[in-house]
1. Do any strands (runs of 3 or more DSSP E) entirely within the stretch 1-114 hold 3 or more residues that are within 19 Å of V414 (Cβ to Cβ) and either within 16 Å of the chain's Cα centre (by Cα) or not assigned by TED's automatic domain parsing to the domain that holds L127 (or both), and if so, which?
2. Of all residues being among the polar types (S, T, N, Q) and surrounded by 13 or more Cβ atoms within 10 Å (Cβ to Cβ) in the stretch 89-122, which is farthest from D17 (Cα to Cα)? Just the residue, please.
3. So, A387, is that one among the small types (G, A, S), surrounded by fewer than 21 Cβ atoms within 10 Å (Cβ to Cβ), over 27 Å from V38 (Cβ atoms) and not assigned by TED's automatic domain parsing to the domain that holds P183 or not?
4. Could you name every one of the strands (runs of 3 or more DSSP E) located completely within the stretch 312-384 that has at least 2 residues being over 30 Å from A182 (Cα atoms) and not hydroxyl-bearing (S, T, Y)?
5. For the stretch 23-35, give me each residue that is crowded, with 17+ Cβ neighbours inside 10 Å and touching a residue at least 40 places away in the same chain (Cβ under 8 Å).
6. Only residues that are surrounded by 15 or more Cβ atoms within 10 Å (Cβ to Cβ) and without any contact (Cβ under 8 Å) to a residue 24 or more places away in the chain: list them for the stretch 74-88, please.
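The values are calculated or read from the model by the stated rules, or taken from the named source; none is laboratory data. This is a predicted model, so every value here is computed, not measured. Every residue, glycine as well, gets a Cβ built from its backbone with ideal geometry; the counts of neighbours run over all protein chains shown.
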Amino acid sequence: MLADWFREHSTTLTTLDPQQPLDDLEVLREIVGDARVVAVGEGAHFVEEFSRARQRVLRFLAERCGFTVFAMEFGFSEAFPLDRWLQGEGDDGDLAKVSRVAAEWGAADLMHWLRHHNRTSKHPLRLAGLDIPEAGGALRPALEPVADYLREVDPDTLPLVDTVLEISDRFLNGCGSGATAAPAWAGLETAEQNKLTATLARLLLRLRAVEPLYVSRSSQNRFDIARRRVEAACHTDYMFQAGSALMSGRALAADLSVREIYLAESLRWHLDHAEPGTRIVLAAHNNHIHKTAFSLEFGGGLTTLPMGQHLQRILGQDYRTVALVHTADHVPEMHPDPSATVGFTLAEAPLEPATPGSVEAALIDAGLADRITLTDLRHAPRDEQGAPLLNGLRFQSSHLSTPVPEAFDAVLAVPTVTRDRTVRF
């Protein structure tokens, strides 16, 4: 039944080349409707085909549907200087100076394309970052700009930032992601861990308490950015503890969702600070944009409340999601490696046959495995009790059981996966 339904309802796309004509994507217009936020996922990180598909969808939504902001699973604080570069500041070869993370984590081609697009297109895009700094592997990218701000509006509060950075430098030096930061944090004395948390809490509470004073000495927008940066540091500090607890088997249920709520609230922050009518394209992993809670078999089982679930509650029908999947028999996977700076190494992983009831199995059974397809899932078949027959999709090199049509409005599938050649780890 699922195979027949996919054969009838899937649209074959002509190419993944972002420079080619966009007419085949017109089917996406009705799926998107009037939504203010359209999230475009990926079933695995560091896959060239997913990056190209996203880029093409982004161009379609900008040129034909009026979207003007591109939001990413990228640091809230770090995105401000990167956006200035994308708008034309500096030289074309300055990406690594502006953002080491963008240059080294598989976003270089996209960033260079965006800079060129903004220079030549009638539909430029502004970049918005949503994430905690370096996915939880650093505090300085958020707090150094806060220190600069405080030197201007409240120098007496600078010692709080200095204390946090002095503690964090002792364990974050050499960390490249949250995967290495959490065990490094666990090596601190308990008193130091508590001092870090208490000092960040005091800093945030002071900003909130004296907002009128700070605004009078700067501007509302500059204050709002500084506060959001401090909130990023507080959420990151929480993630140190949550990640450490997960690795040791002591995690609270849904504890890693602290990062998810920061992502969601950052998206809302950008909407609140944008011009009326602004529409945002959001790029993040399928598991982040997912509209419903789900469980991953990790550390004894973990229930996650993803960014997408929060955005669905906040935005309702103004939030639409497009999952990206593939039908290949392998995928680049992040294998834990404590000796690596980022906490993992990237290597090809063979895949088990697609699970019956999954998106991938339905596409293969429908004879669509060798095509690029886009399928509207909003009217996907259900059983007599109303449960979706599509009940899973691949997550990295694993399978995620989930009611797919409740989590995603559409799915874009590619037949091949290729490791991103720009990623060095």
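1. 37-40
2. Filtering first and then ranking leaves S99.
3. no
4. Working: elements: 319-326, 330-336, 344-350, 372-376.
Output list reads 319-326, 372-376.
5. L25, L28, I31, V32, A35
6. Initially, the stretch 74-88 is screened for residues surrounded by 15 or more Cβ atoms within 10 Å (Cβ to Cβ), giving 74-83, 85-87.
Within the stretch 74-88, P81 is the sole residue that qualifies.
Each row is one residue, and each column tells you yes or no for (1) at negative phi; (2) part of a helix (DSSP H, G or I); (3) free of Cβ contacts under 8 Å to residues at least 24 places away in the same chain.
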| position | (1), (2), (3) |
| --- | --- |
| N118 | yes, yes, no |
| A128 | yes, no, no |
| A135 | no, yes, no |
| P145 | yes, yes, no |
| P159 | yes, yes, yes |
| D162 | yes, yes, yes |
